[in-house]
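Accompanying notes for the structure given below.
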Amino acid sequence: MVYAANSNLLPYNSPAICNRMASSLPLQLRLPPPTNPPFLRHRPIQCAADRQALFNRIAPVYDNLNDLLSLGQHRIWKRMAVSWSGAKAGDCVLDICCGSGDLAFLLSERVGYDGKVTGLDFSQEQLSIASSRQNSLSKPCYNNIEVLLQWVEGDALNLPFSDGTFDAITMGYGLRNVVDKRKALEEMLRVLKQGSKVSILDFNKTTQPITAAIQEWMINNIVVPVASGYGLAEDYKYLSKSINEFSTGKELEELALEVGFSTSRHYEISGGLMGNLVASR
């Protein structure tokens, strides 16, 4: 499998990335006080138990599989999602369904010296990996990153935050997996400040038959076989079903407006295989 010569494809703790970012990020990392487990809260979580178990199970190889299955393109899509969120220096931002932390770390680059990033997920295993990755950022090459970043075990349908807390919210590959999309959007709207945006990246449920056929073929002939090499073929077979049960971009736009967002727009990216909903309060 061929990879482009792109630093985005390297792991966050690789020497090449460390050296490059040390010269480009005028920040310093402030780790939150250590906790046991290494994240802050445990809340009762409304989700399909099998879906939660799945994300705990795949956590150790999740990042490697994302790179393999997307040829590193997922890092570009995530940067696009963060850009669409409108996060800026000094902001207090939230990444829901944060997984191993990709979007949260990108947000930390955006909010800078006085910013704060919170990553929330229902998977203890994913949060443990995110916390470990954060600890690796405290290497000397990251001494100039100064962002307070914390991890919270919690429920996307019952966010443990006060109304109007966040200047921007992101969600990557999470809305498709919650049991109630409307409630998830309502919670995002509640904790978002007036005039701020949510940016939600996920697989696109296309209305174009050719694109849908390509998407299905890729899942059955690339994603599942590659996952089988990690012993996770059955775990990744859920993708087709979850995309088929997901909402189209138009339906997501309408749902966001129904729950109270003032504007909403869904962007198809990567030839319609992925999509990103941007909604403003």
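The values are calculated or read from the model by the stated rules, or taken from the named source; none is laboratory data. Computed from a predicted model, the values in this text were never measured in an experiment. Surface areas here come from the heavy atoms of the whole protein model, side chains and all, with no ligands, DNA or RNA. Shrake-Rupley method; radii C 1.70, N 1.55, O 1.52, S 1.80 Å.
Values as computed for the structure displayed
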item	result
Thr263 accessible area, assembled protein chains, probe 1.4 Å, Å²	70
Accessible solvent surface per residue of the stretch 187-251, calculated while the other protein chains remain in place, 1.4 angstrom probe, Å²	49
